[in-house]
Amino acid sequence: MLKVLLSSLLAGLVLSLVGVNLETALSFIGQTPETLAADSRRLFEWAAPKTLLGAIFVIPGWLIIYLFLPYDDD
């Protein structure tokens, strides 16, 4: 995770030195910061309830399997 964060920071630094900023990069793909934020919010509103519903079944199942696995001394 730290490597991804540092490489993203380095790439952003290099791009800003070349003259590329967020608005120009987003306009290249036909987006604005506002539409990107709205799309991200809609994605979260769609995914969050489904993720929580899945976690209600996955986490207890994982816990039961984990508790009954044979213990390995190695």
Q.
To test your reading of the geometry: what angle, between 0 and 90 degrees and rounded to tens, separates the Cα axis of helix 2-18 from the longest principal axis of the chain?
A. 10 degrees
Q) Helix 33-68 versus the longest principal axis of the chain: what angle, 0 to 90°, nearest 10, using Cα atoms? A) 20 degrees
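Pulled fully out, how much extra length does the chain show between D72 and T32, if you take 0.36 nm times their separation in residues and subtract their Cα-Cα distance?
Gain on stretching D72 to T32: 9.1 nm.
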Q) Can you give the accessible area per residue of the chain, in Å², using a 1.4 Å probe? A) 95 Å²
Q: Taking only the C-alpha atoms, wrap a convex hull around the chain and report its volume per residue in Å³ as a whole number.
A: 136 Å³
Q: For the chain, with all protein chains present and a 1.4 Å probe, just round the carbon and sulfur fraction of the accessible area to a whole percent.
A: 75 percent
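The values are calculated or read from the model by the stated rules, or taken from the named source; none is laboratory data. Model, not experiment: these values are computed from the prediction. All accessible areas refer to the heavy atoms of the entire protein, side chains included, with ligands and DNA or RNA removed. Shrake-Rupley method; radii C 1.70, N 1.55, O 1.52, S 1.80 Å.
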